[in-house]
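Beneath this line is the structure, given in C-alpha cells, with notes to follow.
The values are calculated or read from the model by the stated rules, or taken from the named source; none is laboratory data. Everything quoted here is computed from the prediction, not taken from an experiment. Every residue, glycine among them, receives a Cβ derived from its backbone with ideal geometry; neighbour counts consider all protein chains shown. To get the accessible areas, we keep the full protein, side chains included, count just its heavy atoms, and leave off ligands, DNA and RNA. Shrake-Rupley method; radii C 1.70, N 1.55, O 1.52, S 1.80 Å.
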Amino acid sequence: MDDIIIRDMDFSPEAIAESGQCFRMGSSAEGVYELIAYGKKLQIDGEPGAFRLSCTREEYEDLWKDYFDLSADYEVFRSIIREDDAFLKKAVSFGRGIRILRQEPWEMLISFIISQRKSVPAIRTAVEKLCEAFGEERSFQRRDGSMSIYHAFPTPDALSAAD
C-alpha cells in the first residue's frame, strides 16, 4: 500500500469528522483518523498542511480525491468574499479545513433519516449499529500492521431483507 500525502491547508480530518457531515469518521488514536466510505476504510494522520492517507495511488485517484473534493481550491472561494462581509468571513474562518464530501447517496439518505431529532454522537452510534447488523464484514490493515474489522454500509437489498 502506498501512502498518499495531501498538501492542503484546507484539509483537516478533525474538522471534517466533527462537522456532522459524515458519521463514520473518527479518531482512533491521537492524531489518527479512520473513515469508512464506499465500503472502504481509510486511515489519515499527519499535521496541518501534510496529511497521509493509507491507500494506493489508484484508490486515491478513483475514490478519495473526489470524496474529499481535493480538486477544488477553497482559497479561491475565500478570495471572492467581499471585504465588508464580516459574517461570511467569520463563517469561512470557523469552517476552515472542512471539505464538501461527495458521499455515497444511499448512505447519506439513510444517515439523514436516522439523524432526525438526534445528536451527532447518537447518529454515529445508530449508523454504526446498523452497519454491524446488516453491513458486509471486511478487514483493514492499519499502518502499524494490526488488523481491524469493520462493516460496510448495508446495501438497499440487505436493509429490505431486515425484519
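Quick notes on this structure:
- The set of residues from segment 1-15 being surrounded by fewer than 21 Cβ atoms within 10 Å (Cβ to Cβ), within 16 Å of TYR67 (Cβ to Cβ) and hydrophobic (A, V, I, L, M, F, W, C) comprises ILE4, ILE6, ALA15.
- Selection from segment 41-69 of residues that are more than 24 Å from ASP144 (Cα to Cα), surrounded by fewer than 18 Cβ atoms within 10 Å (Cβ to Cβ) and in contact (Cβ under 8 Å) with a residue 24 or more places away in the chain: ASP66, ASP69
- Residue match in segment 113-133 (condition: open to solvent by 30 Å² or more (accessible area, probe 1.4 Å), farther than 22 Å from GLU14 by Cα and of a type in the set (Asp, Glu)): yes
- Cβ pairs under 6 Å, 6+ apart, first in segment 1-19 and among the acidic types (Asp, Glu), second modelled with pLDDT of 90 or more and crowded, with 16+ Cβ neighbours inside 10 Å: ASP3/ARG52; ASP10/TYR74
- Contacts under 6 angstrom Cβ, first residue in segment 104-118 being under 18 Å from TYR67 (Cα atoms) and of a type in the set (Asp, Glu), partner open to solvent by 30 Å² or more (accessible area, probe 1.4 Å) and modelled with pLDDT of 90 or more, 6 or more apart: GLU104/TYR38
- Residue in segment 77-99 that is within 18 Å of ARG124 (Cβ to Cβ) and of a type in the set (A, V, I, L, M) present: yes
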